[in-house]
2 protein chains.
Amino acid sequence: MSRTIKVLLAEDQSMVREALAALLGLEEDIEVVAQVARGDEVLAAARAHDVDVALLDIEMPGCTGIEAAARVHRELPRVKLVVLTTFGRPGYLRRAMEAGADAFLVKDAPAAQLAEAIRKVLAGERVIDPTLAAAALAEGANPLTEREREVLRAAADGSTNAELAAALHLSQGTVRNYLSTAIQKLAVRNRAEAVRVAREKGWL
Amino acid sequence: MSRTIKVLLAEDQSMVREALAALLGLEEDIEVVAQVARGDEVLAAARAHDVDVALLDIEMPGCTGIEAAARVHRELPRVKLVVLTTFGRPGYLRRAMEAGADAFLVKDAPAAQLAEAIRKVLAGERVIDPTLAAAALAEGANPLTEREREVLRAAADGSTNAELAAALHLSQGTVRNYLSTAIQKLAVRNRAEAVRVAREKGWL
DNA sequence: CGTCCCGTATGACATCTGTCATCCGGTACT
DNA sequence: AGTACCGGATGACAGATGTCATACGGGACG
C-alpha cells in the first residue's frame, strides 16, 4: 500500500545529522533520501529528491531552517515541514509556524517523537510541544520594531555606538535612542541584558 | 575474539543522545550500555556498567563533560575518554587533554570518525583534530587569572558593576579593575567584547 | 632578601551609555 | 483632517564604565 516516507535532513553538524539519519534508518517506513548542511541548499535538494518531509534544524549557515521552511512552503507546498531545534524559544516556534511548519520539536525531547512527528505531519496533523505552545502564546508578540532588532543584533558582539552608527548608516544619537527604547520595552537595564533577553525569547 | 566494546554515552539532548546511540548501534563491535543526560551522573554510571569508553559531551547540566572526564580519569583510570563537543574551541581541547581525555571530536566532523575514535583510543592511540591542535598551540595559554575569569563569567549576562561587586563580595572599584585588565589582556574595547572573545577561545 | 605577580582597594579622570524632551517627514488608519 | 506610529535626528544631562596611578599584604622564586 503506502511507499516509504522520503525524508530530507538539514542540519549543519555532520555527526548529529548522520546520527539522526541512523536513527530514522531504523524505522521501516522511513527513508532519508537527502542530507544537506546548509539552509540555502534545502529547497533545491527537496525538489531534486521529491521528498515527503523536510526535517530542518534552525541554526544553520546559509540561511536559518525557518527561512528555508518558508521557501519550501512557498515553492513546494506539498512537502511537510518539521522544524527541529536546540532552543525551545517561544519566538522560534511562532516564526516557524508562520513560515508554514507542520511540527516543531526540541532536541531534548525523546528520540521516539521524531519518527512519530514525521508520520503525524504526513497524516495531516500538527505536532507542537504543549508547554512551548503555551509559553509562545503567553509571552505575546515581539514588541521590538525591525530597526530596534537590527540595532540589537548588531550590538550583540560588543560593538560601540560609534561602530553601530557607522555599520547601520545612522547617527550615534539614533543608535542610542533605539537601544534605549529596546531596553525599556524589554524591561532591562542595559544593552547586554537586552541582547540576552531578546535572544532567550527568540526575538532577535 | 575480543568482546564488544562497552560504551557510556553522556549528552544532555536526548534526541541527539539516542541518535548517537543508534549510530553506534550499527557497529558490530560496539555496544552502548549506558546513557546519561547529566555530567554529574557519569562517574556512577561508568562504574556501574564497567564501561570501556565514556563518550562525553562538554555542555551538560550538573557538571561539564570535562569535569566529568577528570573525575573518571581519577577514579577509573582504565576507562578511555572521548570528549565530543559542538564548539571547536582551542581552550576546550587544552582543558580536555589536561583532564585526561584520550580523544577530542567536534560534532561537525564526519560521523564515521566517532566509531573510529572509540576503536583507536582502546588501542592506546590519541585522537585529535590536527587543525584544532595547531590552533590550541598557536593561541597560547589563557592569559586571564582565576579572578578575572570569574568576574568575566559573572558579567556575561549583563550585570552591572554594582551587582557584580555584591555577588562576588568585592568593591565596585575592584570589579572595574579586573574587567579593565581582562579587556586589555584580550585586546578588546569593552566588557561585552571581552566576554565574546573569551568565550570563543574557550577561556571562560 | 629582593622581585614579581596576584588579590584587593581607593580616588580621579575621561569617555561611553542611557534617558528625556523635542523635532521632522512619511505612512497608515479612522 | 486628525491621530498615531515609525524611522531618523539633535542636545543636554546623569550615571555607568574604562583607565590610570597608587597602595598594601601575601605567596613564589631566584
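The values are calculated or read from the model by the stated rules, or taken from the named source; none is laboratory data. None of these values were measured; they are calculated from a predicted model. Positions of Cβ are backbone-derived with ideal geometry, glycine not excepted, and every protein chain shown enters the neighbour counts. Side chains included, ligands, DNA and RNA excluded: accessible areas come from the protein's heavy atoms. Shrake-Rupley method; radii C 1.70, N 1.55, O 1.52, S 1.80 Å.
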Open item on the list: Quick test for you: out of A:Ala154, A:Ala141, pick the one residue that is more than 14 Å from DNA strand C (Cβ to nearest atom) and more than 30 Å from B:Ala19 (Cβ to Cβ).
Closed with: A:Ala141
Task: Condition broken by A:Leu170, with the remaining ones in (1) modelled with pLDDT under 95; (2) open to solvent by 30 Å² or more (accessible area, probe 1.4 Å); (3) within 14 Å of chain B (Cβ to nearest Cβ) satisfied - done: (3)
Task: Pairs, first more than 11 Å from every other protein chain (Cβ to nearest Cβ) in the range B:106-127, second assigned to a helix (DSSP H, G or I) and at pLDDT 95 or above, C-beta under 6 Å, six or more apart - done: B:Val127/B:Ala117; B:Val127/B:Lys120
Open item on the list: If the requirement is being assigned to a helix (DSSP H, G or I), open to solvent by 20 Å² or more (accessible area, probe 1.4 Å) and not assigned by TED's automatic domain parsing to the domain that holds B:Leu26, which of these qualifies: B:Glu116, B:Glu150, B:Glu67?
Closed with: B:Glu150
TODO: Can you give me the number of residues within the range A:20-29 that are at the interface with chain B (Cβ under 7 Å from one of its Cβ atoms) and either in contact (Cβ under 8 Å) with a residue 12 or more places away in the chain or under 12 Å from B:Asp108 (Cβ atoms) (or both)?
DONE: 2
- [ ] Scan (1) in contact with a strand residue (DSSP E or B) (Cβ under 9 Å, 6 or more places away or on another chain); (2) at pLDDT below 95; (3) of a type outside the set (Lys, Arg) for the single condition B:Ala103 breaks and write down its number.
- [x] (2)
TODO: Hey, can you tell me all the residues within the range A:173-204 that are facing chain B (nearest Cβ under 8 Å), free of Cβ contacts under 8 Å to residues at least 12 places away in the same chain and within 9 Å of DNA strand C (Cβ to nearest atom)?
DONE: A:Val188, A:Arg189, A:Asn190, A:Ala192, A:Glu193
Task: the range A:186-204, subset within 13 Å of DNA strand D (Cβ to nearest atom) and surrounded by fewer than 17 Cβ atoms within 10 Å (Cβ to Cβ), residue nearest to B:Asn190 (Cα to Cα) - done: A:Asn190
